[in-house]
Each structure stands twice: as structure tokens, then as C-alpha cells.
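Undergrad: Dropping a structure here in C-alpha cells format, bear with me for questions.
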Amino acid sequence: MNNSKDKNKIKLEYSIISNDFKRAGETSSNIKSILKKVGIDNKVIRKVAIVTYEAEMNIVIHSYGGNIKLMVEGNNIIINAYDKGPGIEDISLAMKEGYSTATDEVRELGFGAGMGLPNIKKCSDYFKIESSTEGTRLLIKISF
């Protein structure tokens, strides 16, 4: 994790490791804690926590690793989640609630219900997704 803070700007960056279910969720928990300390409204923190948790889990479950960057600028929280391949074959299908490509092993761990991307979009004021075989990129903005 890298982070830098001042009164007007917060920048956080976390590396997410593929298949690291032991540490999965730490990034979103750390972000939530930092936002509480700087006085962000609890309703906004809840949205950010959901977005970062779902993005983090998607990176753990579906990619070869990646990172999550968060910036607080003015009245916006901007989240960039990037991963390294294999990409999403059909984004419109992946956006449907309940659709998942998670393996049986991942489902047995309690993950892969197919709600990640729909939950991210619901909690976002702005949501953009791009994907190729090189990887997937999410750009999310939550205003407060």
C-alpha cells in the first residue's frame, strides 16, 4: 500500500494478488478506516466500501492480479481498479445480476454470486468499464 494525505487530497494505492483469499477484503477495510478518520460521511463510506470490496474480490477471483487506486479530490472519490487479464468476454452479460464465471471452488468459499459489477454500478455516480485480454479497468466516481 502507498498512501499520501493532506487536507485537500487523499491518494491511496493497493496491490491485489490473484487467488489471495486470506487477505481478500483488507484493501476495502483499510480504505474504509482511512475515510472515517478524515471525516467522510458514513453513507459515502458505505458506497466506497462496497465498490472497493467488490472490485478487490473480482481481481482476486478472476484476474492474474492488479491494483486499486483511490483519490479524494474536492467532493469526489475516484476509484480506479485495474487487473491483468484474462479480461471479460461479454461485459453486458457480466453486468447482469447473478451471472458469474467463478469456479465451483470459489463458490464453495462463498464468493462468485455474480453481484460484483452490478453492486459497483449501483453504488457509483459514474461507472465505466473497459476490458480486453490484457485486463479489465474500472473507473468509478462517488460524489459527496
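Read-outs throughout are calculated quantities, based only on the coordinates presented, and are distinct from any laboratory measurement. Since the model is a prediction, treat every value here as computed from it, not as a measurement. Neighbour counts run over all protein chains shown; Cβ positions are idealised from the backbone, glycine included.
Undergrad: How much net charge surrounds Thr133 when only the other residues with a Cβ under 15 Å from the Cβ of Thr133 are counted, with Lys and Arg +1 and Asp and Glu -1?
TA: Taking every other residue near Thr133 into account, the sum is -3.
Undergrad: Too long at a 18 Å Cα-Cα cut-off: which of Lys43/Lys141; Lys22/Lys128; Lys37/Lys122?
TA: Lys22/Lys128; Lys37/Lys122
Undergrad: With r defined as the distance between the Cβ atoms of Tyr64 and Glu97 and R0 fixed at 25 Å, what FRET efficiency is calculated, to the nearest 0.05?
TA: FRET efficiency, Tyr64 to Glu97: 0.45.
Undergrad: Using the crude model of +1 on Lys and Arg Cβ and -1 on Asp and Glu Cβ, and no other charge, please compute the dipole size for the chain relative to its Cα centre, in debye to 20.
TA: Here the size comes out at about 820 debye.
Undergrad: Arranged from highest to lowest average of other beta-carbon atoms within 10 Å per residue, in what order do the peptides 48-54, 100-106, 9-15 appear?
TA: The packing order, highest mean first, is 48-54, 9-15, 100-106.
Undergrad: Counting Lys +1, Arg +1, Asp -1, Glu -1, what net charge surrounds Asn119 among other residues with beta carbon under 15 Å of its beta carbon?
TA: So the environment of Asn119 carries a net charge of +1.
Undergrad: Okay, moving on. With Rg and the Kirkwood Rh both taken from Cα atoms, where does Rg over Rh land for the chain?
TA: Rounded to two decimals, Rg over Rh is 0.95.
Undergrad: Treating the angle as unsigned and between 0 and 90°, give the value, to the nearest 10°, between the Cα long axis of helix 26-37 and the longest Cα principal axis of the chain.
TA: 20 degrees
Undergrad: Please sort by residue number the chymotrypsin sites (Phe, Trp or Tyr not before Pro) in the range 74-122 whose DSSP state is loop and whose Cβ has at most 10 other Cβ atoms within 10 Å.
TA: Hits after loop and neighbour filter: nothing returned.
Undergrad: Please give me the summed charge of the neighbours of Asp20: other residues whose Cβ is under 12 Å from its Cβ, Lys and Arg +1, Asp and Glu -1.
TA: That sum, taken over residues with Cβ under 12 Å, equals 0.
Undergrad: Another question, if that's okay. Averaging sequence separations of C-alpha pairs under 8 Å and six or more residues apart, then dividing by the length of the chain, give the relative contact order as a whole percent.
TA: Normalised by residue count, the contact order of the chain is 25 percent.
Undergrad: Against the longest alpha carbon principal axis of the chain, how many degrees, from 0 to 90 and to the nearest 10, is the axis of helix 42-62 turned?
TA: 30 degrees
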